[in-house]
1. Quick one: if you stick a label point 7 Å off each Cα along the C-beta vector at V37 and W65, how many nm between them?
2. May I ask you to compute the full-extension gain from S145 to R171, defined as 0.36 nm times their residue separation minus their alpha-carbon distance, rounded to one decimal in nm?
3. Quick one: which residues, 5 or more positions from G111 or on another chain, have an amide H under 5 Å from its amide H? H modelled 1.01 Å from N in the peptide plane, none for Pro or chain starts.
4. Test of the criteria: in the stretch 1-108, which GluC sites (Glu not before Pro) are in a DSSP loop and have at most 10 other Cβ atoms within 10 angstrom of their Cβ?
5. For the stretch 52-183, give me the percentage of DSSP beta bridges that are antiparallel, rounded to the nearest 5 percent.
6. Taking 0.36 nm per residue of separation and subtracting the Cα-Cα distance, what length does fully extending S158 through R21 add?
7. Let me understand the stretch 71-169 better: what is its radius of gyration from the alpha carbons, and its Dmax, in angstrom?
8. With label points built 7 Å along Cα→Cβ from the Cα atoms of A14 and E107, find their separation and express it in nm.
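Values quoted throughout were computed directly from the atomic coordinates according to the rules given, and no laboratory measurement underlies them. These numbers come from a predicted model, not from an experiment. Here the Cβ is made from the backbone with ideal geometry for all residues, glycine too, and neighbour counts use every protein chain on show.
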Amino acid sequence: MTTAAPSADAHERALRDESARAAAQEQHTIDSAAWNVFANHQPYYHVLSDPQMLNPGQSARDVFWATGTRDVKALMDFAELSPTGGTGVDFGCGLGRLTRGLIPFTECQVGLDISPVMIAKARELSSFPSMDFLPISPEGWPLDSASASLVISLLVFSHLSTVELMEQSLRELARVLRPGGFAVFGIQTMTSRGAIVTWFQQVARHGRTDRAPNAEQIRRKLVALHRGTTGVL
Ligand SMILES: C[S@@+](CC[C@H](N)C(=O)[O-])C[C@H]1O[C@@H](n2cnc3c(N)ncnc32)[C@H](O)[C@@H]1O
C-alpha cells in the first residue's frame, strides 16, 4: 500500500506554522530577558514609573502596595463588578502589586508574568496563602481552561511586543475564563494631544467609551473567542 505524499499546500502550511512557532519562541526569550533585567534593577520603578519608586524605603513601598489596592478597586468600580469569588488572575503581575488588590474580590489569586525573576520576587514579597505566582511560557498560560472567575491586567498590554502576542494573550485570557467570568483590563492609548493614558482611566474621567480607539474591535474579538463570557473592557 502506498501512502499519499503531503500536498505542496500542506507542506507550505507546516513550514509557515513552524516558522511562526520559532519566531514566537525567540520573541518570548527576548521579552523575558528584558524584563528579567528590569526585575533585577529597580523593579518597583519599572513596574510603577514614579520617581519615589527608585530605591524605595518602607514608606514608598507602602505607597506601592496601596496603589495596587486602589487600582484594582478602580477597575472593579469602573466595570461595576462585585466580588466574584473563585480564582482571580493578574496577567503581567510584576511584583504582585495588583495581585494583592484582588484579595477582597476573589478567594485565590494567581499572578502570571513572562519574567521568571519578577515571579521569584513576587513570591518572596508575598506571604498570602491564597496567592500564587507562575511564569508564562511561549505556548501560553499555565492555567486550566475555564478555571478563572476574573482576569485583570494593567500596564501590560502596551508592553506586548507583537500583534501576535497580543492576540495570543487575548486567546489565553478567553480560554482560562469560566463561562460568566469577567475580564477587566486597561489598554494604554494616545490622546489627540499625543499623551499616553490608560484607557480605563480615560473612560472613567470622561465617562465616554467612544474615546477608546479599537476598544470595540477588541471587545468583539474577546466575546467571539469566548462565547458566553461577559467581557468588560
Ligand atoms: C509595567 S509592569 C506592570 C506590572 C503590574 N501589572 C502592575 O501594574 O503592577 C509590566 C509587566 O508586564 C510583564 N510582561 C511583559 N510582557 C509580558 C508578556 N508577554 N506576558 C506576560 N507578562 C508580560 C513584565 O514582566 C512586567 O512585570
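1. 3.1 nm
2. On the way: separation 26, 0.36 × 26 = 9.36 nm, distance 1.10 nm.
Using 0.36 nm per residue and subtracting the Cα-Cα distance, I get 8.3 nm.
3. D90, D132, F133, L134
4. Details: sites: E12, E18, E26, E80, E107; in loops: E80, E107.
Passing both the DSSP loop test and the Cβ count: E80.
5. Numbers: 1 of 17 bridges.
Percent antiparallel among DSSP bridges in the stretch 52-183 is about 5.
6. Details: separation 137, 0.36 × 137 = 49.32 nm, distance 2.22 nm.
So the chain would gain 47.1 nm between S158 and R21.
7. 12.9, 36
8. The two pseudo-label positions are separated by 4.6 nm.
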